[in-house]
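The values are calculated or read from the model by the stated rules, or taken from the named source; none is laboratory data. Computed from a predicted model, the values in this text were never measured in an experiment. Here Cβ is always computed from backbone atoms with ideal geometry, including for glycine, and neighbour counts include all displayed protein chains. What goes into the accessible areas is simple: the full protein's heavy atoms, side chains included, and nothing from ligands, DNA or RNA. Shrake-Rupley method; radii C 1.70, N 1.55, O 1.52, S 1.80 Å.
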Amino acid sequence: MMTTSLLPALPDFLPRLRCGVIEFSVHHMRGGTSTGLVLHAASVPTDLALREELLRHLMGAPMSGQLPGNRQITGLGRGAPTSNKVFLVEVEQHAGQARLVSTLAQLAGGHAGIDWSVNCGNMSSALQLWGLDSGVIEALAIGPHAIDIRNTNTGVITTSRMAREPDGSFAATGIPGVPGSFPRVDLFLQQPVGAKTGKLLPTGKAQDKVLGYDVSCVDVAVPMVIALASQFGKTAREAIAELEADAAFMHAIRQVWSAAGQLMGLRRGDGQPMSLDELGRSETIPKFCIVGPASGEGNIAVRYFTPQAGHASLAVSGGCCLAAACLIPGTVAHAMARGLPAVGANEAEIAVGIENPAGILGTGIVARQDGDTLAIRSAAYRRSTQILLRGHVPLYQASPPLKAWLLKQL
């Protein structure tokens with residue numbers, strides 16, 4: 001049994017003044033195969049301009065415009081989209097229980113834009129450990145502990161579960177793409193269908209023809225465009241670096257995800273439809289992948305794009321979306337998947353193993369067939385997490401308005 005307490009003004013969350021420089025409290029963490037920062041939401045400015053300035057300082061992103069090739073040497077970002085994530089987290093009470101509330105900011109090393117429209121399943125696996133380490137939630141007993149996480153970007157509710165050993169340490173596990181064993185986190189996405197579009201199949205079809213390519217547009221945890229690798233002359237077993245080096249291939253998939261994104265009705269944060277140009281430049285939606293037959297113990301092979309960059313393994317939200325697509329008759333994923341049972345009228349959990357560059361991502365889809373529709377209750381996956389560092393980051397170049405706001409918090 002877990003008890004929780006809300007501590008809205010813990011001293012460790014407060015900024016501090018040291019040697020004339022304001023320093024801001026952070027946890028730098030790894031969740032799954034992503035890295036980024038977890039910040040206490042109440043310690044961050046509510047004004048969007050000041051909030052985004054703060055995040056750019058912390059991650060070493062440009063303050064404005066474009067900066068191609070930026071190495072982020074002034075911050076904690078690491079260049080790739082998978083290492084440019086910041087979660088703002090707090091605690092709320094729901095139905096008599098405490099739960100975490102998460103808001104993701106997706107940054108990029110090469111430009112100042114910040115995307116507030118998506119969640120990250122990998123980094124979400126860091127949030128329960130952050131809560132326990134920072135003291136906003138408290139687990140007193142040995143054994144398993146679970147807490148819900150409500151993501152404000154998508155509205156998706158995730159249940160995070162960790163377990164303490166008798167010596168007080170966390171039960172550990174290894175995952176593809178991460179050497180060694182670290183604290184284990186089991187994540188259950190509750191009611192993940194239509195996270196961005198409100199529909200399992202945003203175009204109304206299991207398969208569409210987009211610019212001559214057969215694709216399936218599916219929205220489970222994230223909106224994703226799934227394409228046949230063979231139609232691009234690929235196998236879905238190539239090295240990511242090889243795919244990214246193929247300029248013609250990268251141009252083709254950008255055209256496809258942009259056109260498919262419009263078919264899906266994807267919208268900006270202000271509710272307006274995204275243009276082809278906006279979709280082509282988007283760092284977050286729609287996700288894109290190519291699929292082919294599995295060559296080993298998995299059920300399907302994939303190469304996944306975020307969409308601008310190839311993923312060294314597979315984002316768990318994208319993995320859950322692809323796993324669900326494998327169970328939907330008529331999708332390109334269903335046609336490629338091998339060894340999966342048909343979904344029946346009674347709800348059951350179906351395991352789907354997805355071969356990716358780092359190994360096999362194991363997922364579980366709890367679903368039943370409801371007439372012509374796949375009714376999905378939850379999607380589950382296992383990750384590991386770790387704290388890379390905890391402390392304060394000096395803000396050497398904070399603007400006068402940001403300094404003034406932070407000084408008021410001292």
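The listed residues are Gly79, Gly65, Gly69, and the only one of them that is surrounded by fewer than 19 Cβ atoms within 10 Å (Cβ to Cβ), more than 29 Å from Ile147 (Cβ to Cβ) and over 24 Å from the mean Cα position of the chain (by Cα) turns out to be Gly65. One residue alone among Ala146, Ala139 is farther than 26 Å from Leu54 by Cβ, of a type in the set (Gly, Ala, Ser) and surrounded by fewer than 19 Cβ atoms within 10 Å (Cβ to Cβ), and that residue is Ala146.
Every residue, every condition in (1) closer than 21 Å to Val178 by Cβ; (2) part of a strand (DSSP E or B), yes or no:
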site: Gln369; (1), (2): no, yes
site: Ser378; (1), (2): no, yes
site: Tyr381; (1), (2): yes, yes
site: Thr385; (1), (2): yes, yes
site: Arg390; (1), (2): yes, yes
site: Gln397; (1), (2): no, no
site: Pro401; (1), (2): no, no
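Of the residues making up region 92-127, those that are in a strand (DSSP E or B) and open to solvent by 20 Å² or more (accessible area, probe 1.4 Å) are Glu92, Gln93, His94, Gln97, Arg99, Thr103, His111, Gly113, Ile114, Asp115. Residues of region 159-173 that are of a type in the set (A, V, I, L, M, F, W, C), touching a Leu at 6+ places or on another chain (Cβ under 9 Å) and farther than 13 Å from Glu138 by Cα: Phe170 alone. Among the conditions (1) small (Gly, Ala, Ser); (2) closer than 30 Å to Ala126 by Cα; (3) open to solvent by 20 Å² or more (accessible area, probe 1.4 Å); (4) modelled with pLDDT of 95 or more, Gly265 misses just one, which is (2).
Here Asp270 meets the list (1) surrounded by 15 or more Cβ atoms within 10 Å (Cβ to Cβ); (2) over 19 Å from the mean Cα position of the chain (by Cα); (3) among the charged types (D, E, K, R) almost entirely, failing just condition (1). Residues in region 41-57 that are more than 27 Å from Thr306 (Cβ to Cβ) and not charged (D, E, K, R) were compared, and the one that is most open to solvent (accessible area, probe 1.4 Å) is Thr46. Of everything in region 206-236 that's among the small types (Gly, Ala, Ser) and either surrounded by 18 or more Cβ atoms within 10 Å (Cβ to Cβ) or touching a His at 6+ places or on another chain (Cβ under 9 Å) (or both), which residue is nearest to Ile365 (Cα to Cα)? Only one residue fits best here, namely Ala221.
Here Ser282 meets each of (1) under 23 Å from the mean Cα position of the chain (by Cα); (2) modelled with pLDDT of 95 or more; (3) hydroxyl-bearing (Ser, Thr, Tyr) with one exception, condition (2).
The one condition from (1) touching a Leu at 6+ places or on another chain (Cβ under 8 Å); (2) assigned to a loop (DSSP other than H, G, I, E, B); (3) farther than 22 Å from Gln386 by Cα that Arg56 does not meet is (2). Scoring Ile240 on the criteria (1) at pLDDT 95 or above; (2) aliphatic (A, V, I, L, M); (3) in contact with a helix residue (DSSP H, G or I) (Cβ under 7 Å, 6 or more places away or on another chain); (4) on the phi < 0 side of the Ramachandran plot leaves a single failure, condition (3).
Return yes or no: is Ile285 within 18 Å of Val193 (Cα to Cα) and either free of Cβ contacts under 8 Å to residues at least 12 places away in the same chain or in contact with a Leu (Cβ under 9 Å, 6 or more places away or on another chain) (or both)? So Ile285 fits the description; yes.
Can you say whether Thr197 is touching a residue at least 40 places away in the same chain (Cβ under 8 Å), within 29 Å of Ala239 (Cβ to Cβ) and either in contact with a Cys (Cβ under 8 Å, 6 or more places away or on another chain) or of a type in the set (Ser, Thr, Tyr) (or both), as far as the supplied structure shows? No; evaluated as a whole, the condition is false for this residue. Residue count for region 342-364 under the criterion of being open to solvent by less than 30 Å² (accessible area, probe 1.4 Å), within 19 Å of Gln190 (Cβ to Cβ) and not in a loop (DSSP other than H, G, I, E, B): the result is 4.
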